[in-house]
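Asks: Structure below; questions to follow.
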Amino acid sequence: MATPVIKYVGRTTDFKGKTLWEIVGSLKNLGVGRIITRSVFERYPEATFMKIVKVETCPDEERRRVRVWVEKTFRGKKQPHITEIYRTSYKPDYRLIPKNEEAKLLASVKTVHDKSDVILPNRIEMPVLMKKFIVKDHEKKGLAPLEEFVMPLSYNKSPSRMQRIAVGDEKPTIEFTMGLGKPISPALYEGVPLN
Amino acid sequence: MFSQNAILKRTIPIFVQTASAHRKPRWLPVAKSKIYRIPKRPVISEDEKKELLRLHNNYRTQMRAIKRFYFDELVKEMASKQSATSEMSQRLEAEEWLRCVELNDKWNAQVALDREERRKQEVAAMEEYTLARMEAKDKELKARIEKASEKIREEKELSKSFITPETLDAAIDHAIANPTDYNFAIDLKGNKYMGRDTPTVPPKEEKVAAAASN
């Protein structure tokens, strides 16, 4: 048989791999106990993979999808709860880890994460205009003027968060400011005065 | 297309140019010539991508902080307003209630006064109406009695000429003495032709002639 010629039609994509059903459907016991990963997670240096715990097939109308529960390890940190994959199961982005590589991957997970010493701030200074506005606003309302022009900073809840958020008056290791900040690629700002 | 001169000299009627984007209406499908066109993906360098990601993350963090600050402030304001009302609400509500009752009583008194006045007027009007009606009825009754008595008087007047058993013989005698013959005709001049003297049947020859003509 001649090698099949693959001809791509339509827009290109960043995904690389198969859909979850393509992987799981061709495995013994629907792949329970096997390890899969997504190509979008390969951007991180740490190991990211998912161990299949349970699989449920879907009705005929949802033939591209499959309901899978996984134990997720994100950026080298195992998450405490089991995650369900259903909405994203159709994405052709999954890859099965061969059995001979599983041990190596599991061994790469550390008990203490690299970024656990990073502390995110829980407050941020107000923008310049807002400070002036608030001074006037408080005057108008007859309220006591603010001593400190800082506001609390909230973060979206995510089990994938690596860094710790500062508690109370803890000193954060990163400081967020209102403004442009320090550019990662200074080459893009050539000839632009930054302050 | 047209020369500038032609436009300036108005050899061509002036045309109105409308500013419209050359776009297909949204409800039309993809043009046939564009069906298989695949837009090129923008190529963003690694440096730029990282920088954009950092800037966007920064922006979102800042905006989240501002939004949360103002939301908290709003909540605080509402709470303070509510607590203030709960403290003073008892006293204020009682005052308001008293004020309302007083006002209501005042209104009620005014309405009662108005009602009395109105009732009086109504009773007076009704009395007037009833009296008028009674008067009219009396008048009508009186008129009827008058009419009836008039009639009786007339009848009594007439009864004088009635034929009674006592006057019967006299009446018969009178009738026989003065016979009345209504069997007559009157011509245009008022001449009376008594019926008993004039022959009712036309002459014989005339009758024959009439039969012949038929």
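The values are calculated or read from the model by the stated rules, or taken from the named source; none is laboratory data. Here the structure is a predicted model, which means the values were calculated and not measured. Don't worry about glycine lacking a Cβ; one is built from the backbone with ideal geometry, like all the others, and counts go over all protein chains shown. Side chains are part of the model used for accessible areas, which takes the heavy atoms of the whole protein and leaves out ligands, DNA and RNA. Shrake-Rupley method; radii C 1.70, N 1.55, O 1.52, S 1.80 Å.
Asks: Please give the helix A:128-141 orientation as an angle from the longest Cα principal axis of chain A, in degrees from 0 to 90, rounded to the nearest 10.
Replies: 60 degrees
Asks: Same structure again: Residues of the range A:171-187 losing 30 Å² or more of accessible area relative to the isolated chain, 1.4 Å probe, heavy atoms only?
Replies: Going by heavy-atom accessible area, the residues of the range A:171-187 that drop by at least 30 Å² are A:Phe176, A:Met178, A:Leu180, A:Ile184, A:Ser185.
Asks: Just tell me which lysines come within less than 22 Å, Cα to Cα, of B:Lys156; anything on the same chain fewer than 8 places away is out.
Replies: Within reach: B:Lys142, B:Lys147.
Asks: Follow-up question, since we're still on this one. Please work out the FRET efficiency for the pair A:Val5 and B:Ser45, using the Cβ-Cβ distance as r and a Förster radius of 30 Å; give the result to the nearest 0.05.
Replies: 0.40
Asks: Any residues in the range B:36-50 that have 10 Å² or more less accessible area with all protein chains than in their chain alone, probe 1.4 Å, and which are they?
Replies: The answer is B:Ile38, B:Pro39, B:Arg41, B:Asp47, B:Glu48, B:Lys50.
Asks: Please give every one of the lysines within straight-line cross-link reach of B:Lys120, meaning a C-alpha to C-alpha distance under 28 Å, and leave out same-chain neighbours fewer than 8 residues apart.
Replies: B:Lys106, B:Lys137
Asks: Ok, one more. Between B:Glu128 and B:Ser161, what FRET efficiency comes out of the Förster formula 1/(1 + (r/R0)^6) with R0 = 60 Å and r the beta carbon distance, rounded to 0.05?
Replies: Efficiency computed from Cβ-Cβ geometry: 0.70.
Asks: Something else now. Take the alpha carbon atoms of the protein assembly as shown, find their radius of gyration, then divide it by 2.2 N^0.38 Å using N residues; give the quotient.
Replies: 2.75
Asks: What is the Cα coordinate range of chain A on the first, second and third principal axes, sorted by size from largest, in whole angstrom?
Replies: Here the spans come out as 80, 40, 37 Å, largest first.
Asks: Got a sec to turn the phi values of the range B:136-149 into Karplus ³J(HN,Hα) couplings, 6.51 cos²θ - 1.76 cosθ + 1.60 with θ = phi - 60°, whole Hz, x for Gly and Pro?
Replies: 4, 5, 4, 4, 5, 4, 4, 4, 5, 4, 4, 4, 5, 5
Asks: Using the charge dipole of the protein assembly as shown (Lys, Arg: +1 at Cβ; Asp, Glu: -1 at Cβ; taken about the Cα centre), state which of B:Leu158, A:Thr37, A:Phe176 has its Cα farthest towards the positive end.
Replies: A:Thr37
Asks: Evaluate the distance, in nm, between pseudo-label points positioned 7 Å from the Cα of B:His174 and of B:Asp138 along their respective Cα→Cβ axes.
Replies: Label-label distance for B:His174 and B:Asp138, simple model: 4.7 nm.
Asks: Moving on to the next point. Eigenvalues of the Cα gyration tensor times 5, then square-rooted: what semi-axes does that give for the range B:66-132, in whole angstrom, largest first?
Replies: Three semi-axes, in Å: 58, 15, 5.
Asks: What average number of partner chain Cβ atoms lie no more than 10 Å from the Cβ of the residues making up B:58-65?
Replies: Per residue, the number of nearby Cβ atoms from other chains is 5 on average.
Asks: If the cut-off is 28 Å between C-alpha atoms, which lysines fall inside it for B:Lys76, apart from same-chain ones fewer than 8 positions away?
Replies: Leaving aside lysines fewer than 8 places away in the same chain, those within reach of B:Lys76 are A:Lys131, A:Lys132, A:Lys136, A:Lys140, A:Lys141, A:Lys157, A:Lys171, B:Lys67.
Asks: Shape call for the range B:33-113 from the C-alpha gyration tensor, a ≥ b ≥ c root eigenvalues: rounded (a/c under 1.5), prolate (a/b greater than b/c) or oblate?
Replies: It comes out oblate by the Cα gyration axes.
Asks: What are the equivalent ellipsoid semi-axes of the range A:1-109, built from the alpha-carbon gyration tensor (square roots of five times its eigenvalues), in whole angstrom, biggest first?
Replies: Equivalent-ellipsoid dimensions as semi-axes: 23, 18, 15 Å.
Asks: Now for a separate question. Hey, what did the range A:58-114 get for relative contact order, percent, Cα under 8 Å, at least 6 apart?
Replies: Normalised by residue count, the contact order of the range A:58-114 is 32 percent.
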